[in-house]
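The values are calculated or read from the model by the stated rules, or taken from the named source; none is laboratory data. Bear in mind the structure is a predicted one, so any value in this text is a computation, not a measurement. Note that we place each Cβ from the backbone using ideal geometry, even for glycine, and neighbour counts take in every protein chain shown. Only protein heavy atoms, including side chains, enter the accessible area calculation; ligands, DNA and RNA are left aside. Shrake-Rupley method; radii C 1.70, N 1.55, O 1.52, S 1.80 Å.
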Amino acid sequence: MTMFSLSAPRIFDGNGWHEGRVVLVEDGRVKSVVHPADVPSGVAEIDLGHGMLVPGFVDLQVNGAGGVLLNEDRSLEGLRQLCAANFQFGTTALLPTLVTDTREVTRSALDAGVAAHAEKVPGFAGLHIEGPHLSVARKGAHNPAFIRPMDEPDLLALIEARRAMPALLTTVAIESVGPDQIARLVQAGVTVSVGHSDTGIAGAVVAFKAGASMVTHLFNAMSQLGNREPGLVGAALANGVWAGLIADGIHVDPATIGIALRAKTGPGKIFLVTDAMSPIGTDMTGFTLNGREIVRADGALRLADGTLAGADLTMIDAVSYMHKTIGLDLDEVLRMASLYPAQAMGLAETLGHLGSGAAASMVHLSDGFDVQGVWVDGEKVH
């Protein structure tokens, strides 16, 4: 049995703040948040001295990091490197994300995810398959040559992979995936998100009623909110589904973010995603996706025609932006980066908070939001 305690001036457990308390960790899990006098004798005590200790961030959309892009490198070591590259930014659990590609690449990514789970790759919480069953009209940076309707082998491949990993998320458009297919995926434990879709609100509601519980990168690559047609944006805000948000000040205007936060109907909440690509954590100035060059400049990643292609964003930067620029209370911002995405994926029993039994995945932040230390399952990784 390995036990130690961590203390900081402030501790956020996912629900509220604690002062004068410590997090007691046993065998990689949170045992409890207790008064220092209640720490058993002989247990190693680590006093962080300043700042705050918060739950590790959970990112449901990470295309790449550390020089690795899932579409280009689906090896076990590649996934290990992709996950580890996010630790320095406070992300302790993530879904490596595959952008629309060929059948062969998709199958390879699913196999890689199964292997990563079997090998217990630190930080790996499952996969996100974004496409290829999207709408060409809202393709964004996805290669239209690979976009196509879902067929039976596609559906069965997702169901099979879900049986062998803790979580599997897929982004689909109702134009390419029928409600019966959505229902079958959800029944098999696959989380279905609607995105890259030009559907109106009626089509979106059909998808939600079939079991889709999420919308991918709210406002981006979807039908917009209009006075007579609410679109997918309006459907996401008016229904109780979850919605990812890229909070970099480029993908969505800050005023629009504020409007969305005030308008969103629960129980599903808006949560933060990075939509990060391979340059994150490196000094790369560009990379290739599906044979097309993407340039990194001015805080953004773009194709030659100016189309945004993922984001040059880390989770700690998104947290800082939401608190400092948008003005949202820090506790709610931290939930958007940890608890809410964990809940959206059905992983909140162990992720997104520091309650008893949760994974001891934590981030030590300075008062200025600098990442000072990171633990994954009780092991210090940064």
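Quick notes
- Matching residues in the stretch 73-86 - criterion: being part of a loop (DSSP other than H, G, I, E, B), closer than 17 Å to Ala115 by Cα and of a type outside the set (S, T, N, Q): Asp73, Arg74
- Search result, residues across the stretch 348-370 that are out of contact with any strand residue (DSSP E or B) (no Cβ under 9 Å at 6 or more places or on another chain) and either within 18 Å of Phe89 (Cβ to Cβ) or in a strand (DSSP E or B) (or both): Gly368, Phe369, Asp370
- Single residue of Thr314, Thr288 found to be of a type in the set (Ser, Thr, Tyr) and either open to solvent by 20 Å² or more (accessible area, probe 1.4 Å) or on the phi > 0 side of the Ramachandran plot (or both): Thr288
- Checking each residue in the stretch 217-227 for being part of a loop (DSSP other than H, G, I, E, B) and touching a helix residue (DSSP H, G or I) at 6+ places or on another chain (Cβ under 7 Å) picks out Leu218, Phe219, Ala221, Ser223, Gln224, Leu225.
- Condition check for Gln88: in contact with a Gly (Cβ under 8 Å, 6 or more places away or on another chain), in contact (Cβ under 8 Å) with a residue 12 or more places away in the chain and surrounded by 18 or more Cβ atoms within 10 Å (Cβ to Cβ): no
- Selection of strands (runs of 3 or more DSSP E) fully inside the stretch 1-60 by the criterion of at least 1 residues being open to solvent by 30 Å² or more (accessible area, probe 1.4 Å) returns 3-7, 10-12, 22-26, 29-34, 44-47.
Yes/no matrix, rows are residues, columns are (1) open to solvent by 20 Å² or more (accessible area, probe 1.4 Å); (2) touching a residue at least 24 places away in the same chain (Cβ under 8 Å):
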| residue | (1), (2) |
| --- | --- |
| Thr97 | no, yes |
| Glu104 | yes, no |
| Leu127 | no, yes |
| Leu134 | no, yes |
| Ala141 | no, yes |
| Phe146 | yes, yes |
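- Residue in the stretch 201-210 that is farther than 22 Å from Asp59 by Cβ, under 21 Å from the mean Cα position of the chain (by Cα), open to solvent by 10 Å² or more (accessible area, probe 1.4 Å) and free of Cβ contacts under 8 Å to residues at least 40 places away in the same chain present: yes
- Some residue of the stretch 95-109 being touching a Leu at 6+ places or on another chain (Cβ under 7 Å) and farther than 25 Å from Arg184 by Cβ: no
- Counting only helices (runs of 4 or more DSSP H) that fall entirely inside the stretch 108-216 and contain at least 2 residues that are over 24 Å from Pro267 (Cβ atoms), the qualifying elements are 152-162, 179-187.
- Single residue of Gly195, Gly226, Gly240 found to be open to solvent by 10 Å² or more (accessible area, probe 1.4 Å) and touching a Ser or Thr at 6+ places or on another chain (Cβ under 7 Å): Gly240
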